[in-house]
Each structure stands twice: as structure tokens, then as C-alpha cells.
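Peer 1: Below is one structure. I have some questions about it.
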Amino acid sequence: MQFNQRHDYEYPNGLDLRPDSPVHEKLLDAAKDRIKRGYETGSDMREMWRKLDHLQTAYVPTTTDSIWELKKDSKAPVDVVIPVSRAFLDMLVSYTGGIYLGDPTGLYQLTARGDKEQLVRAAKMEALLNTQAHWFKHKLSHYTGFRDAYLYGISVKSPVWAKHKRREAIQEEVSEVLYQMVKDTVPGIGIGDMVRYLEERVYHEGNEIENIDPYSLILDPYVRLNHYQKAEFLGYWHRTHVMDLLKREGDPEERMFNCKYVRELVDQRCGRSEIQWANQSGRYDRIGMGVETEIPGHPSTQTTNEVDLAHLYWNLIPEEWDLGDSTDPELYEITVAGDEVIIQCNRLDYDHGMYPLVMSGPNTCGYDLLPISGIAATYGMHQLIDWKVRTHWWNASKVQNDMFVVDGSAVNVQDFMRPGPGKIIRLKRPLYGDKNIDQFIKQLQVTDVTGNYLQDIQGVHDLINVVLGTHDIMAGNMSGMPERPTAFGLQAAQSNAMSRIQMYAEMLGEQEWYTLITQMAHNNVQYLQNDMVVNILGSRFEEQLRMELGVPAGINDITVGPWDLDMGAFEIMPVSRLQKETDMSIMSQMMDRMLSIPEVALEAFGGMDVSRMFLAMIRKMGFANVHEFRREGGALPPVNPMVLPDEQVMAMEQAGNVMPAEAAGMSV
């Protein structure tokens, strides 16, 4: 494409990346080749995903036959999709969310190795990560990721650095320098006056998790899912508009250029990609953006600034592409807008040294790139359920609505075809008074052969439960349990029912959780510029932070600055959220019996801080703000228990050396 205007840009590393330059053309052709090849990798899977999306919604397909039937009779049975798979999907997502997102002490947990200084650094990093999770709504991103993983078989997230900004009022005394700058524009101002103005400030900054639509993925076809960090290239598509690009181009942290050329591209023709990636999912069809009249440039629309972006992360040798002198592979980020203009070409300098993507798929066999999800594996069963439901209601409708053979020469057919109850059917004039009407109208006997279909559907439903591991007990249905199950039997049944889902959750943890925390912790060390105030109330390290930093009771906030974070001071060790509940019932019974013996109880609790133990237990149960209800100075004095023979205790009491605990004001 020929551009009419020439814009002045300072390109990275002194390169010439104007759209008509040889370097731009060479790099664009290579990038588009990998984008096309990488997007074609998932073409077959996208067709399957479209069918799975179809299963998630109960609706009537608007086929020509269905519309014609509905126009003739609003009660006519037509094809319908029953969202049975949605119940299974919600069960999988909710259980996994409970494992990873249900801990009230925070989503992300770190463990320090070393001295107290390293512990404080790890505690500050953990507090900052969990505070960022609240600022940037990580739970929403995680739930979307879990849904993608269980529905499509693959989930992709990207931790990106984000900032929340606002304008704050600033008061400042007018100095000599400021007076000379504004005396001509602000009449009457003098040195020493107080002025008030608005200044943009960052009040939140940190890791935001972006979900990548599986339909938009650009994948290296020669790597496995578990080894995606070894790929030559990875990427994804994204749709935006020119105004957004022009705004982001003005931010130096975005490192974008050539967006004015993109504006010219869109003004002359469509900014959509020829690959038409957005049409694969059908998401835009539901909002009317898939039709031709909505394409930018069409006479019937005023939308003229839509742009498709292809984000490509590529391990390349800079010398081969005229990007530098290095002969070693380096990870670059290349973004192509509208198939024509490169708007980003930067060497990624992340401290973590990885692709800024986190991929997972709990149904992988270990050798595939795009696993087949459990929902996809049961697709045929879902179709069978839909077919049985449609057939049953269609057959029932035939029986209820009747089928007749009518002699048109004797009966007014228009009266007979008019729907609704209480209708009057008129005979033709020559037959007025004829009492033998049965010879003109005959009802056909239709037998409903689908009466057992609903029972068959329940059987298929149970089979799907077996395949997916979503047993009824997970949904709270105890109908399959004995009439009076014991606590141990109930716990064993729950543990066995959830074992398959726990396996999926374990795989998600290995595939994405550790990598995600690692990348976000590195981003905090590398990009944090401002001091952030975080709340430590209810955190795992609250007591240690109060002790080491001297935070008094009633003060729950601490400041975390860029110099407080150091990846070399601690090791990231995410804590497993899977509760080992198999033997909890037996252990609880054993502890109850042991603690009922006074000597054992004194020995067990003699060297422990029972108050802190109680707080930790209550916090785990979901009472995160239990600290707010502690009485100031209400702690009990330390107790040093001694176990003595009964005779010796009685003798000491008679001698006046000991007294009952109640008399001393202590309750036991």
C-alpha cells in the first residue's frame, strides 16, 4: 500500500521501520508468514470449539424450516439445544476456583529461605501480589482461565504491567522561578502566593492478568503444551481501534510507533485482517458485527477506525533481520496492524526471561499442543441428549395436536386448519343436515414411542458424570449414599468423588500457577516505580511483619517500595491449596481422645501460643478480620504448666504454696 504522508518517528535502535522501507518489508513478510502458519495450527480445533460454544446456551437455531414452523404455529416444536454440558462446566470451574481462590489469606503464597530480613522481603512481596490481585481483579481473570481450560482444553493468560491513574489537587507556593514562568499568563500572581493545580498521579500499579481468547491463538505447531516456553514463536490476535492506538502511542512505556500510518490505512480501506480471525468464534455475530454492512468503509456505516492487531513473540537472530549485530537468538515482540504496518518491534527485556504468556490444559496427555477437553470428549453424548429431547417433544406434540384425514369436498378446510380451542367447523352446503360426519373426518392413531426417552437421558447424564468425574456428590446430591452414612463413610465418598477433579487442579498448578507467580514477582522487582500502601491484616506474615517493622496494634498498613523487593533474597514456593482430607476424620477423633487427657493436653499446649493458633484456625475458616475483635491488653499471662502427683499437689495446697486456678482469677 502507498502512503500519502510521511511522519517523523524515532524508531528503536536507530532502525528505519517506515512502512515503505526495505527493513520493514522484509520483517513484515517474515512475521506474516509465521502469523498465518501459527493461526492455521488450530483450525480444526476451532471448528470443535464452535460446537462446544453451541452447547453452552439453550436456544432455538434460526433455520428456515424452524422459522416457517414458528410462523405457522407459535407452539410448534423446533430444534432446541439443552445446556447439559454447562452444568458440568460450572461444576468443574467452581471446584477449581474454590481450591485456588478460596483462601482468605490471599491468592498467592511465598516462602522465604534465610534470615529475618529475607522473610520480611518475602512477606512484603506476598502482600503486594495479593493487594494487586484485588486492585486488578485477578479472580475474574482466573475464573475465565479455568473456564477456557475445561471447555476448550487450553487456557492462556498474560501478566502485564498496568497502572491506575487519577488527577489530584496540588497546592504549591509560588517561587521566583515559577513566577517568571506564569506571570504573563496568570495576572495578579505574586511570589509567595499559594496556587492550586491538578496533577496526574499513579495510585495503583502492578500486575494485571489478561485472558487470551483461544480462538485468537498463534501457536508454534512443533512444541508441546507443557513445553510452550521452548517455542520459536507464539502470539495472538486482538481487535481494537485507531483512537486507542494513537493514545497509546503517546505513552513512551508502550514503545509504539507508526500508528499515524495505521490511521491513514484505515481511512483508505478496511483495517481488518484478511485472515478474518474474529469470525471464527462467532462472538461478534451476536452483536451484529459479522455482517458486511458493518465493515469499515461500507456506505451504510460510520465506523471507520477498526483495526486487527497480531501480537507475535518471536525468537530470532537480530543480525539476520537487520535488527542488530547479535548472532544469538533473542526474544522480540512484533505487532502487525491491519496486515500492513508494524507498530511494535522491541526486544523483550523481562527479567524472568520467558514468553509473557502462561498456558495450561488439564486434559493434556503430555505430547499434544491442543488437548481435547473433557466436554469435547463427551460431545456425542450431549448431542444424543439433545436428539432425545427434541424427538420426545416432537412426538408428544403429534399426539396432542392430533392427525386427521379430511374430505375437502365435504368440510370447510379453512375452518379445520384454524388453530386454537373451541373452533367451529362448517360443512359444505350440500351436506347440511347429514348426520354421518365420521365418514368425512378420520383421526389417525399415533403412538408415542418416546415415553422412556427421559429415563434414557438420565442414564446418559450419569455416564457423562463418570467420564468427566463430576459425580452427583460434588453438586450436593447425596441420594446415592446410604440412609445413615457415617462421618468417615461420607468423607471417603467425597474424597473419592473429587479425586479426578483434584488431579485436574494439580495439573493446572504445575502448568500455570508457579510460572504465573514467578513472572508477576519479577515484574514487581523490575517495573515498580512508586511506593505502594498494602494492608497486612489477616495475612500469613502479619505477626512477623509487626514484630520486625515495629507496626503497632491498630495500624494495618505498611509501605512497599521498589527497594524492598529483591528476587535474590527469597525463593518462590507456592503453597498447594489441595486439602489432604482423606484421614482428617480419623485424626480428629484421635486428637479429641488425646486432648481429653489433662496430662496430654498440658504437654501438647505447654510450648505453643494457643491464641495465635486459634486466630490462624479462625482465619482459615473464612473469618479474615478476626483481629478487629481482639481486646487491647486482653492477652492472658504466660502459663508454665507442671505435672505433679496428686498427693504432692494436696500437700502443697495444705501448706499454702498453691491455690485453685479459679481463686487466682483464671478460668480453665
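Peer 1: Taking only the stretch 389-403 into account, find how many residues are modelled with pLDDT of 75 or more and of a type in the set (Ser, Thr, Tyr).
Peer 2: Result for the stretch 389-403: 1.
Peer 1: Taking the stretch 320-376 as the region of interest, how many residues are in contact with a Phe, Trp or Tyr (Cβ under 9 Å, 6 or more places away or on another chain) and among the hydroxyl-bearing types (Ser, Thr, Tyr)?
Peer 2: 4
Peer 1: Hey, can you tell me all the residues within the stretch 224-240 that are surrounded by fewer than 16 Cβ atoms within 10 Å (Cβ to Cβ) and not in a helix (DSSP H, G or I)?
Peer 2: Across the stretch 224-240, the qualifying residues are ARG224, GLU232, THR240.
Peer 1: Would it be correct to say that MET194 is under 23 Å from ASN305 (Cβ atoms) and surrounded by fewer than 16 Cβ atoms within 10 Å (Cβ to Cβ)?
Peer 2: no
Peer 1: Looking only at the stretch 156-187, which residues are in a strand (DSSP E or B) and among the β-branched types (Val, Ile, Thr)?
Peer 2: VAL156, VAL160, ILE170
Peer 1: Looking only at residues in the stretch 135-179 that are of a type in the set (Val, Ile, Thr) and more than 30 Å from ALA376 (Cβ to Cβ), which one is most open to solvent (accessible area, probe 1.4 Å)?
Peer 2: VAL177
Peer 1: Still on this structure, please answer the following. Which numbered condition trips up ALA553, out of (1) in a loop (DSSP other than H, G, I, E, B); (2) within 28 Å of VAL160 (Cα to Cα); (3) at pLDDT below 85; (4) not aromatic (Phe, Trp, Tyr)?
Peer 2: With (1) in a loop (DSSP other than H, G, I, E, B); (2) within 28 Å of VAL160 (Cα to Cα); (3) at pLDDT below 85; (4) not aromatic (Phe, Trp, Tyr) applied to ALA553, the lone miss is (2).
Peer 1: Could you check the stretch 444-473 and list, in sequence order, the residues that are at pLDDT 75 or above and part of a loop (DSSP other than H, G, I, E, B)?
Peer 2: If the condition is that a residue be at pLDDT 75 or above and part of a loop (DSSP other than H, G, I, E, B), then ASN452 is the only one that fits.
Peer 1: Of (1) within 28 Å of LYS163 (Cβ to Cβ); (2) outside any helix (DSSP H, G or I), GLN132 satisfies all except one. Which?
Peer 2: Result: GLN132 fails condition (2) only.
Peer 1: Suppose we keep only residues that are under 30 Å from GLN56 (Cα atoms) and β-branched (Val, Ile, Thr) within the stretch 334-379. Which one would you say is most open to solvent (accessible area, probe 1.4 Å)?
Peer 2: Only one residue fits best here, namely ILE372.
Peer 1: For the stretch 511-529, state whether one or more residues are closer than 30 Å to MET125 by Cβ, modelled with pLDDT of 85 or more and not in a helix (DSSP H, G or I).
Peer 2: Looking for residues that are closer than 30 Å to MET125 by Cβ, modelled with pLDDT of 85 or more and not in a helix (DSSP H, G or I), one finds at least one in the stretch 511-529, hence yes.
Peer 1: Just one of GLU249, GLU253 is under 21 Å from PRO356 (Cβ atoms) and modelled with pLDDT under 90; which is it?
Peer 2: Unique residue meeting the criteria: GLU253.
Peer 1: What residue, among those in the stretch 515-542 that are among the charged types (D, E, K, R) and over 26 Å from VAL358 (Cβ atoms), is least open to solvent (accessible area, probe 1.4 Å)?
Peer 2: Ranking the qualifying residues of the stretch 515-542, first place goes to GLU542.
Peer 1: Test each condition in (1) within 30 Å of TYR367 (Cβ to Cβ); (2) part of a loop (DSSP other than H, G, I, E, B); (3) open to solvent by 40 Å² or more (accessible area, probe 1.4 Å) for GLU274 and report the one that comes out false.
Peer 2: Going through (1) within 30 Å of TYR367 (Cβ to Cβ); (2) part of a loop (DSSP other than H, G, I, E, B); (3) open to solvent by 40 Å² or more (accessible area, probe 1.4 Å) one by one, GLU274 breaks only (1).
The values are calculated or read from the model by the stated rules, or taken from the named source; none is laboratory data. Predicted model only: the values in this text are computed from it and were never measured. When we count neighbours, we look across all protein chains shown, and the Cβ atoms used for this are built from the backbone with ideal geometry, even at glycine. To get the accessible areas, we keep the full protein, side chains included, count just its heavy atoms, and leave off ligands, DNA and RNA. Shrake-Rupley method; radii C 1.70, N 1.55, O 1.52, S 1.80 Å.
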